[in-house]
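Report on the following structure.
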Amino acid sequence: MEKRLKIRSLLIGVFFFLLFFVVVGRIYWIQVVEASNLREKAEVLWTSTEILKPTRGSILDRNGRGLAEEAPAYTVALNPELIHQRGIADEVAKGLAQVLKQKDEPGYIAELEKRLYELATKMRPAPKEDQYMIEVEVKQEGWKINAEKKRAVEDFIKQLRDQLKADGKPYLNSVGVYLKETEKRYYPFERLASQIIGFVSRDGSEAIMGLEKSLDDQLTGKPGKLVKEKDLKGVDIPGSKATLTSPVDGNHVKLTLDQNIQYYLEKELRRAQEEFKPKSMTAIAVNPKTMEILGMASTPDFDPNAYWQSEPASYRNRAVMDQIEPGSTFKIVTLAAAIEQGLWKPQASFESGSVKFQGMKEIRDHNWSGWGTISFMEGLVRSSNVLFSKLGYEQLGKEKFKSYVEKFGFGSKTGIDLPGEAAGNINFKYESDYARATFGQSVSVNAVQQAAAFAAVANGGKLMKPYIVKEIIDPKTGKPIQTNQPEVVRQVVSPEVARQTTLALEHVMTDEHGTGVNAAISGYRIAGKTGTANIVPEGEKTYAVGQYVVSFFGYAPIEDPQILIGVIADRPQIKSYHDGSLVTLPVFKNVMAETLAYLGIPSSDSKAKTTEAQATAKVPTLTSLTVTEAKQKLTDAGLHVDVLGTGDKVTRQLPTPGTELQVGRSVVLVAGAVGNAQVPDLTGMSLRDAVEIAALLQMDYEIQGEGFVVSQKVSTKGSKKVLELTLKPFSESDELASPTPTPAEPGGSSVPATSAP
């Protein structure tokens, strides 16, 4: 018995020893051998990684006004478990459907309510499963709600709480409906420049079109990451480490567009669209010296804040993407070429109406009977096809003519920094193609190409590369990290040829027969050209009857062109081609007038007066001449004269000979001995001018104060006269409270304001 107990005790001891050994071994295995692997698995379970979205860069106009920017937005989220516990799935679905609805159609609301109910009852856990609450975003194709709907959702949440409280049900400060703050892309000017800017998807995950898409790499930025440790219920573990990688916000993009000029274009296009109901209209405004795009618009357009409500055709940036037959606006190429080759003789005559070249059908003017024998200039202002086919095809020759077409940039892309540019077509197959291209048929171009060609004439013959992105800006520093500058593609014609072409185009605006007279603006000299082209319907080979593309391109003021505008209307509802000017010319005139006023560009009349007033003349040598002779010389030079002293001959002068003075200014002469000349009234003069007068009269001077002369006194010290001057700042001087004319101005004191060149 005792032996059996000993054996049993030994076995139990061995068992527990082995058990202890196994436990210790297992602990060793877990804590040492498998420690790193298990820790990695555990970290996955307790680590929460949150992707930090960067702020998308803004798109700005040239003056820094936001055209596309990030704005606060809110997403509704549901907690199905809480909603299930409170038994309010029906109330949530019906109530939110009414709050979030975008239209009152019964079918739409019913569908929205159904979707919300599915979300409110989704992922309902079994009783023994983990009770961690999961938020489910409510999205109708990724929508985000604005501040107004956010307030409505907050009111709805409060109503649910009040209802639960009244029913005696617990709600624990939550009814399972939440608002998550986020950002959405916002276009504050709505339709303005929508086809240029483009848009991003409703949930902000994808750039769809326009600059939003083509510059997505610049605008998007880089996401960051926040790594935290949480327990199974999603609560942060106290004392745990957090790793933050900050997001890098996207760059801002500043455009050459001017929001005001863009508005002028769109306003006028919509007015004309409403009145004449064309298939589409396009307008472009540029700085002809740089080819910066100041405005670019097409109708119909759309609101990128609600792009899904518009037809995809309205997204099209027609100024860049559409190819059209230009018609007579293309005659600018033939005209400039003819002038450079010495073929343009304004007073020479030709027989209008029709012309026939060998091997092709006759070419006719839009007025088939013509206007009889008329001058080249009248042929231009009446837009004669016969004249331009004779100049371009017959006299210039097809090869040389085509070389000018290519030099002006037609047939190849301009390289503008906008997506989807069309290259146009100048692939002439037949002799008739060359002949008809001289007046704008048998070619296709886009609006930007046309604007660049007109700008080349306006700016002295330089074809410029158009661009719309002015700067890429660092969002942190606000400083440009990339800047685009004007780029000359080539010299198309000489400055003198460009000037003569401009003067010829001015006749289109001023001549009694000119096709552009209704676009003239009082006080401004404008150069421009109208165009009317027939339409060849898709799949057809001949022109359709009564369907036209009408256009007008012009720039002002011709002495120093600052703004160039083009307008194109595709198949407006007009009675005949003669009415085409009723569509495009008012648009051009109204936009040009508003733009000239907005930019503060003086009229041609005021410029002429300013130029005349600022003309200069060199001061002649007058010493040793008689006062009479000196006065005559100064009068002939357009200068006034003031004489100090009583002698017969000029002994000193101010300014010195050769000095450039503005016409109408005064020259001071000392007649006779300097010592006999009286000191003029110097009150109101600057120190510099007063000192020059003292030097002219060979007098010493003493100065008290600073500013302008308020008093003067001549005293004698020893054998010399001394001019004592007291000066004060203008604002402190009672003597200067009523300003007198500047001494150099006609009718003022007899002393010039300055003598230095």
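The values are calculated or read from the model by the stated rules, or taken from the named source; none is laboratory data. Remember, it's a predicted structure, so these values are computed and weren't measured experimentally. Here Cβ is always computed from backbone atoms with ideal geometry, including for glycine, and neighbour counts include all displayed protein chains. Each accessible area value is taken on the protein alone, full model and side chains, heavy atoms only, with ligands, DNA and RNA left out. Shrake-Rupley method; radii C 1.70, N 1.55, O 1.52, S 1.80 Å.
In region 327-399, the portion of solvent-accessible area held by carbon and sulfur atoms comes to 47 percent [1.4 Å probe, whole percent, DNA, RNA and ligands not counted]. Classify region 185-224 as rounded, prolate or oblate, taking a ≥ b ≥ c as the square roots of the eigenvalues of its Cα gyration tensor: rounded when a/c is under 1.5, otherwise prolate if a/b is larger than b/c and oblate if not. The shape class here is prolate. For region 638-689, dividing the convex hull volume of the Cα atoms by the residue count gives 103 Å³ per residue. The length gained on full extension between PHE17 and SER354, counted as 0.36 nm times the residue separation minus their Cα-Cα distance, comes to 109.2 nm.
Karplus-derived 3J(HN,Hα) values for region 395-404, using 6.51 cos²θ - 1.76 cosθ + 1.60 with θ = phi - 60°, are 8, 6, x, 5, 5, 5, 4, 5, 5, 5 Hz; glycine and proline are entered as x. Please report the antiparallel percentage of DSSP beta bridges with both residues in region 638-695, rounded to the nearest 5. For region 638-695, the DSSP antiparallel bridge percentage is about 45.
When the pairs LYS413/LYS462; LYS277/LYS575; LYS277/LYS413; LYS149/LYS476 are compared against a 21 Å limit on Cα-Cα distance, LYS277/LYS413; LYS149/LYS476 fall above it. The distance between label points at ASN518 and ALA147 comes to 4.7 nm (points 7 Å beyond Cα on the Cα→Cβ vector).
Electrostatic tally near SER412: other residues with Cβ closer than 14 Å to its Cβ, Lys and Arg +1, Asp and Glu -1, net +3. Averaging Cα coordinates gives a centre for region 488-530 and one for region 250-306; these two points are 23 Å apart.
Quick check for you: which residues of region 642-656 have the amide N under 14 Å from the point 7 Å beyond the Cα of THR635 toward its beta carbon? 642, by backbone N distance to the label point.
Available extension along the chain between LYS158 and ASN63 is 29.8 nm, counting 0.36 nm per residue and deducting the alpha carbon span.
Scaling against 2.2 N^0.38 Å puts the C-alpha radius of gyration of region 317-375 at 1.46.
From zero outward in steps of 5 Å, how is the percent of C-alpha pairs of region 550-665 spread across the bins? Bins of 5 Å from zero give 2, 10, 14, 11, 8, 7, 7, 6, 6, 6, 6, 5, 4, 3, 2, 1, 0 percent of pairs. The slack between TRP371 and LYS222, meaning 0.36 nm per residue of separation minus the straight C-alpha distance, is 46.9 nm. Here the average projected area of the convex hull drawn through the C-alpha atoms of region 457-607 stands at 13.3 nm². For GLU206, GLU340, GLU148, the ranking by accessible surface with the largest value first comes to GLU148, GLU206, GLU340, using a 1.4 Å probe. A probe of 1.4 angstrom, applied to the heavy atoms of all protein chains, finds MET509 with accessible area near 10 square angstrom.
Across region 422-465, counting alpha-carbon atoms alone, Rg and Dmax equal 12.1, 34 Å. Pairwise inverse Cα distances across region 372-427, averaged and inverted, put the Kirkwood hydrodynamic radius at 13.4 Å.
Annotation for region 440-523: GluC sites (Glu not before Pro) lying in DSSP loop with at most 16 further Cβ atoms inside 10 Å of their Cβ are GLU487, GLU512. In the structure displayed, which of LYS267/LYS529; LYS180/LYS213; LYS222/LYS465; LYS429/LYS465 lie more than 24 Å apart, Cα to Cα? Flagged as over cut-off: LYS180/LYS213; LYS222/LYS465; LYS429/LYS465. Computed on the Cα trace of region 190-339, the radius of gyration divided by the Kirkwood hydrodynamic radius gives Rg/Rh = 1.21. Other residues with beta-carbon under 15 Å from the beta-carbon of GLU512 carry, at +1 per Lys or Arg and -1 per Asp or Glu, a net charge of -2.
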